[in-house]
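Chemist: One structure, as structure tokens, below. Some questions next.
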Amino acid sequence: MTSALYSALSGLQAHQGWIGVIGNNLANASTSGFKSSRAVFADQFSQNLRFATLPTGTTGGRNPMQVGMGVTLADIGRDMSQGALTSTGRVFDLALSGKGHFVLSDGFQTLYTRVGTFGLDASSRLVDQRTGMLVMGQNNQAIDINSTSLFPPSATTTATFTGNLPAQVTGPLAQVLGSASGFAQGTQANLSGSIGGPYAVPLGETWTMDLVVSNGASQKVSVTSTTGSVTALDIVNAINALSSSGVTAAVAGNGSVSITTNRTGTAATVKVVPGATGKDLASLTGLPTTMVAGTQSVAGATTLLNDLPSNVVDYAPGDAITISGLDTDGTPVSGTFVFGTGVGQDGETLGDLMNFIDTLYPNATPALNATTGKIELTADQTGATGLSLVITDGAGATGSTTWAQHAFLASTVGTGPDTATTSIEVYDQAGTAHTVTFNFERQDDGSWNVTPSIPPSEGTVSGVLTGLRFNANGTIATLPTTTSFTATFTGQPGQSVSLNLGSPSLYDGITMFGGESTMFANGQDGYGVGQLSNMAVNGDGDIQGFYTNGQVQVLGQLGVANFVNEGGLREVGNNLWAESANSGARTVSAGLQAGAGEVVGGALEGSNVEIAGEFVHLIEAQRGFQANARVITTTDQVMSELVNLLR
């Protein structure tokens with residue numbers, strides 16, 4: 001009977017211990033970084049009532065017969081699994097996602113924790129705010145954060161550019177004056193009779209025909225016979241006697257009448273309209289009645305001025321043609337072209353006139369467009385100018401040309417070079433920012449120059465980057481020979497700054513596509529002095545300082561300790577652990593290295609206690625305790641019956 005009592009007693013003790021473990025777990029369900037425990041039972045020694053025997057030839061073997069002597073609480077183990085992470089937003093609230101412990105020291109002992117409720121003390125050392133222990137780094141030294149020093153400045157050495165320069169050329173362009181209409185080389189229209197004179201015309205009769213020249217009004221030609229006949233010369237004289245007829249008549253070699261327009265070109269036409277029947281000069285002389293026109297083609301340098309369709313009256317030697325206007329620099333131009341090939345005369349062809357114009361304009365060059373026949377006067381330099389040219393007939397000239405139809409107008413307006421401007425702050429060695437402006441300017445040969453500049457009050461800049469060229473696909477073809485300039489800021493030595501414009505044939509910098517300019521400087525490597533504005537801890541445990549000048553600096557490195565058997569660590573309270581004989585070798589590394597977990601800033605690890613599971617275990621422990629208590633009660637009743645038997 002006593003064995004049953006002692007077995008039940010051991011069961012009560014074991015389940016009481018289990019309830020204690022469960023109670024501790026539930027009590028720490030909200031404790032940051034808490035690792036739950038579990039109770040492990042084992043049976044105790046047994047009383048042998050019969051030993052096992054071997055089988056024989058006549059009997060079989062028998063198993064041992066034993067009575068257990070109770071249970072014991074064999075082990076209380078820790079569950080070191082990951083707890084949920086909760087964001088706090090506080091810089092030095094740190095957690096570990098994965099294995100490892102933060103290292104703490106008070107100068108006498110080293111302890112470990114999963115709960116990084118850290119902060120800075122008055123000496124700018126990183127400490128555990130619960131215990132005041134120092135947080136240790138990877139080198140097993142206290143982490144001393146310099147939170148008051150300034151981040152020193154750095155002078156700019158490189159500036160980077162990107163964006164687009166316009167492919168469409170709007171400058172630099174040279175001003176071009178072009179004649180409003182092209183010059184042509186023309187031939188006269190001609191009608192020739194097929195019948196030679198003299199012609200029989202009865203005495204006293206008048207014969208007629210109408211003459212239409214260049215689609216003008218009809219003009220009547222009439223001849224009266226005084227001898228019984230008329231000659232070809234009589235008819236020629238009658239035609240030439242017409243006022244403003246626009247034609248010249250002559251007796252042809254075969255004695256017939258020939259009529260030729262004074263003007264040339266396709267606009268010069270002549271037509272004969274027959275006179276009255278029986279008295280028609282056209283049929284008398286054999287003149288055709290169909291309209292005849294002159295011809296014309298694009299003029300060349302050898303084209304005679306008198307052959308121009310715009311020539312109204314042929315020039316005679318000595319006639320003057322006046323040239324006037326302004327050269328590109330605003331200098332007045334004035335000259336008189338003398339028609340003819342004699343001494344003191346300048347020529348008779350269109351080329352002679354252009355050569356004369358060329359001598360009057362030292363800063364511009366005339367040329368004849370072989371396609372359009374227009375004379376184009378082009379400024380020798382690009383940019384806007386006051387270039388002008390006017391051609392008129394001189395006073396008293398016999399000949400005349402409708403120069404107004406060839407008035408010189410600006411076919412291309414002279415413009416300055418295409419430009420694109422951007423600026424960026426450049427830092428000197430003292431950390432002072434200076435605005436440097438970069439002017440990209442298209443050159444006459446299509447390349448670009450880059451000119452840096454600063455206000456004179458801030459210093460000087462030397463060096464112009466020349467020869468930036470682009471491929472047809474918009475990528476850089478060739479970079480400038482020199483891609484740097486020197487800036488000498490007031491009170492500072494000269495510093496060289498390189499420009500990163502991109503790589504040839506790659507789309508990694510400046511391009512030249514169609515469209516507007518989008519050129520800009522998108523970065524430089526200098527910065528001014530900076531003050532610490534914020535801190536953060538990254539995944540490997542680096543404490544990073546963020547400064548007002550945009551720079552980042554590592555101010556300290558947290559150490560993360562790992563153990564061969566982290567379950568062997570000894571809990572010493574206050575969320576702290578100590579090494580034990582069975583925790584194994586320790587390694588200290590950065591986060592995410594050597595098996596260590598990731599350091600998570602601005603968060604704390606929660607307890608890994610599973611409340612629902614603990615309540616289930618609590619019910620199990622309670623039932624187990626009740627069962628053992630019932631065994632004691634039953635045994636007590638049996639023993640009472642035995643005592644009653646003796647009465």
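The values are calculated or read from the model by the stated rules, or taken from the named source; none is laboratory data. In this text, all values refer to a predicted model and were calculated from it rather than measured experimentally. Glycine gets a Cβ as well: all are built from the backbone with ideal geometry, and neighbour counts include every protein chain shown.
Chemist: Which of the residues belonging to the range 152-179 are of a type in the set (A, V, I, L, M, F, W, C) and either modelled with pLDDT under 95 or farther than 23 Å from LEU532 by Cα (or both)?
Modeler: Answer for the range 152-179, where residues must be of a type in the set (A, V, I, L, M, F, W, C) and either modelled with pLDDT under 95 or farther than 23 Å from LEU532 by Cα (or both): ALA159, PHE161, LEU165, ALA167, VAL169, LEU173, ALA174, VAL176, LEU177.
Chemist: Now a separate question. Can you report the number of residues in the range 261-309 which are assigned to a loop (DSSP other than H, G, I, E, B), of a type in the set (Gly, Ala, Ser) and out of contact with any Ser or Thr (no Cβ under 7 Å at 6 or more places or on another chain)?
Modeler: 4
Chemist: Moving on. Pick out the one residue from SER30, SER10 that is among the small types (Gly, Ala, Ser), surrounded by 14 or more Cβ atoms within 10 Å (Cβ to Cβ) and either in contact (Cβ under 8 Å) with a residue 24 or more places away in the chain or closer than 16 Å to GLY624 by Cα (or both).
Modeler: Result of the check over SER30, SER10: SER10.
Chemist: Still on this model: Please tell me if THR587 is surrounded by 14 or more Cβ atoms within 10 Å (Cβ to Cβ) and hydroxyl-bearing (Ser, Thr, Tyr).
Modeler: So THR587 fits the description; yes.
Chemist: While we're here: For the range 84-115, which positions are in contact with a Ser or Thr (Cβ under 9 Å, 6 or more places away or on another chain), part of a strand (DSSP E or B) and closer than 13 Å to GLY606 by Cβ?
Modeler: Within the range 84-115, LEU85, THR86, ASP93, ALA95 meet the criteria.
Chemist: Mind checking which residues of the range 482-497 are in contact with a strand residue (DSSP E or B) (Cβ under 8 Å, 6 or more places away or on another chain) and either assigned to a loop (DSSP other than H, G, I, E, B) or not β-branched (Val, Ile, Thr) (or both)?
Modeler: Result: THR482, THR483, SER484, PHE485, ALA487, PHE489, THR490, GLN492, GLY494, GLN495, SER496.
Chemist: How many residues are of a type outside the set (Val, Ile, Thr) and within 43 Å of the chain's Cα centre (by Cα) if we restrict to the range 343-365?
Modeler: Within the range 343-365, residues that are of a type outside the set (Val, Ile, Thr) and within 43 Å of the chain's Cα centre (by Cα) number 2.
Chemist: Just one of (1) in contact with a helix residue (DSSP H, G or I) (Cβ under 7 Å, 6 or more places away or on another chain); (2) surrounded by fewer than 17 Cβ atoms within 10 Å (Cβ to Cβ); (3) under 17 Å from ALA276 (Cα atoms) trips up ILE235, so point out which.
Modeler: ILE235 satisfies every listed condition except (2).
Chemist: Sort through VAL127, VAL91, VAL135 and tell me the only one that's over 27 Å from ASN24 (Cβ atoms) and without any contact (Cβ under 8 Å) to a residue 24 or more places away in the chain.
Modeler: None of the others qualify; the one that does is VAL127.
Chemist: Another question, then. Output the residues belonging to the range 301-349 that are farther than 24 Å from THR260 by Cα and either in contact (Cβ under 8 Å) with a residue 60 or more places away in the chain or crowded, with 21+ Cβ neighbours inside 10 Å (or both).
Modeler: Scanning the range 301-349 gives ALA301, ALA320, ILE321, THR322, ILE323, SER324, GLY325, LEU326, ASP327, THR328, PHE337.
Chemist: Then there is this: Determine if the range 498-506 includes at least one residue that is more than 30 Å from LEU592 (Cβ to Cβ), in contact with a Leu (Cβ under 6 Å, 6 or more places away or on another chain) and either of a type in the set (S, T, N, Q) or not in a loop (DSSP other than H, G, I, E, B) (or both).
Modeler: Within the range 498-506 (the criterion being more than 30 Å from LEU592 (Cβ to Cβ), in contact with a Leu (Cβ under 6 Å, 6 or more places away or on another chain) and either of a type in the set (S, T, N, Q) or not in a loop (DSSP other than H, G, I, E, B) (or both)), the answer is no, since none of the residues qualifies.
Chemist: Residues in the range 533-541: is at least one under 18 Å from the mean Cα position of the chain (by Cα) and crowded, with 19+ Cβ neighbours inside 10 Å?
Modeler: No: zero hits.
Chemist: Then there's this: Would you check if VAL292 is in contact with a helix residue (DSSP H, G or I) (Cβ under 6 Å, 6 or more places away or on another chain) and surrounded by fewer than 22 Cβ atoms within 10 Å (Cβ to Cβ)?
Modeler: no
Chemist: In addition: Given the conditions (1) outside the structural domain of PHE520 (by TED's automatic domain parsing); (2) free of Cβ contacts under 8 Å to residues at least 24 places away in the same chain, and given that THR435 satisfies all but one, which numbered condition is not satisfied?
Modeler: Of (1) outside the structural domain of PHE520 (by TED's automatic domain parsing); (2) free of Cβ contacts under 8 Å to residues at least 24 places away in the same chain, only one is false for THR435: (1).
Chemist: Just checking, which of GLY446, GLY386 is at pLDDT below 95, in a loop (DSSP other than H, G, I, E, B) and under 30 Å from GLY163 (Cα atoms)?
Modeler: GLY446
Chemist: Here's a follow-up. Can you go through GLY431, GLY414 and tell me which one is at positive phi and crowded, with 17+ Cβ neighbours inside 10 Å?
Modeler: Only one candidate passes the filter, namely GLY431.
Chemist: Still on this model: Just wondering, is there one or more residues in the range 544-551 that are within 30 Å of SER97 (Cβ to Cβ), touching a residue at least 24 places away in the same chain (Cβ under 8 Å) and in contact with a Leu (Cβ under 8 Å, 6 or more places away or on another chain)?
Modeler: Checked the range 544-551: at least one residue is within 30 Å of SER97 (Cβ to Cβ), touching a residue at least 24 places away in the same chain (Cβ under 8 Å) and in contact with a Leu (Cβ under 8 Å, 6 or more places away or on another chain).
Chemist: A further question on this structure: Could you go through the range 215-228 and let me know if any residue there is small (Gly, Ala, Ser), outside the structural domain of THR303 (by TED's automatic domain parsing) and more than 22 Å from MET291 (Cα to Cα).
Modeler: yes
Chemist: For GLN637, only one of the following conditions fails: (1) part of a helix (DSSP H, G or I); (2) surrounded by 11 or more Cβ atoms within 10 Å (Cβ to Cβ). What is its number?
Modeler: That leaves (2) as the condition not met.
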